[in-house]
């Protein structure tokens, strides 16, 4: 798991700018979810991370 | 009785179901599903290689809160007396239990449907990642398991709008 720090506030456009182009492309996939401050966002384009929030990029998965 | 846990060591799913039955004398039935690591071939859609191990990793800030939220939603939706959700993380081997969902209810349909509901959501939960170690002719290699179209169709059956993942 990789991590990095970004200046707050961070919105969807800002997130796409700080990741690599290939990650940005994958982030636009509807099967890739974004969590902010411990909650999965129903609409990831509404991201509004504040100072101290952890933003997680969650790839397609299969549990169970 | 609601018992929701993430486990990093092997567990006995039958004991969990027995404990639920003992704690819910008013139940008319206990419905239990146990998912385990498949012994032998990997998913036929993924090839015919032998699965040597399965590794479940997770995003810890979401896992237990997400499982508790799922249990709350199941309890709101179905008439339950008790619910157990146990889910392994870490490295597992063929035959090991991965997940146990057990629901106690007055009437059978609530328990069976609650288990089905919880499993459909756990299969698509955004906080678990699953990969298989498969034997190949060039030695064992790891393969990530992505959700199948059937998984999305399964979860869509419940007709939830804007449900948390």
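Each value in this text was obtained by applying a stated rule to the coordinates, not by laboratory testing. Predicted model, so just to flag it, every value in this text is computed and none were measured. Cβ placement follows ideal geometry from the backbone for every residue including glycine, while neighbour counts extend to all protein chains displayed.
Name the single residue that is farthest from residue B:160 (Cα to Cα) among those in the range A:17-52 being part of a helix (DSSP H, G or I), in contact with a helix residue (DSSP H, G or I) (Cβ under 8 Å, 6 or more places away or on another chain) and in contact (Cβ under 8 Å) with a residue 12 or more places away in the chain.
A:27
Got a number for residues in the range B:121-140 being buried (at least 19 other Cβ atoms within 10 Å of the Cβ) and not in a strand (DSSP E or B)?
So the answer is 7.
Are any residues in the range A:42-54 within 11 Å of chain B (Cβ to nearest Cβ) and buried (at least 19 other Cβ atoms within 10 Å of the Cβ), and if so, which ones?
A:44 - this is the single residue of the range A:42-54 that is within 11 Å of chain B (Cβ to nearest Cβ) and buried (at least 19 other Cβ atoms within 10 Å of the Cβ).
Of all residues being exposed (fewer than 15 other Cβ atoms within 10 Å of the Cβ) and in contact (Cβ under 8 Å) with a residue 24 or more places away in the chain in the range B:24-37, which is nearest to residue B:145 (Cα to Cα)? Just the residue, please.
Among them, the one singled out is B:28.
Are any of the residues in the range B:106-118 in contact (Cβ under 8 Å) with a residue 24 or more places away in the chain, out of contact with any helix residue (DSSP H, G or I) (no Cβ under 9 Å at 6 or more places or on another chain), part of a loop (DSSP other than H, G, I, E, B) and more than 9 Å from chain A (Cβ to nearest Cβ)?
Yes, the conditions are met somewhere in the range B:106-118.
Which condition from (1) touching a helix residue (DSSP H, G or I) at 6+ places or on another chain (Cβ under 6 Å); (2) under 17 Å from residue B:59 (Cα atoms) is the one that residue A:6 breaks?
(2)
When you scan the range A:53-64, how many residues do you find that are closer than 21 Å to residue B:155 by Cβ and in a loop (DSSP other than H, G, I, E, B)?
Residues flagged as closer than 21 Å to residue B:155 by Cβ and in a loop (DSSP other than H, G, I, E, B) within the range A:53-64 amount to 6.
Among B:152, B:143, which is the only one that is in a strand (DSSP E or B), surrounded by fewer than 19 Cβ atoms within 10 Å (Cβ to Cβ) and in contact with a helix residue (DSSP H, G or I) (Cβ under 8 Å, 6 or more places away or on another chain)?
B:143
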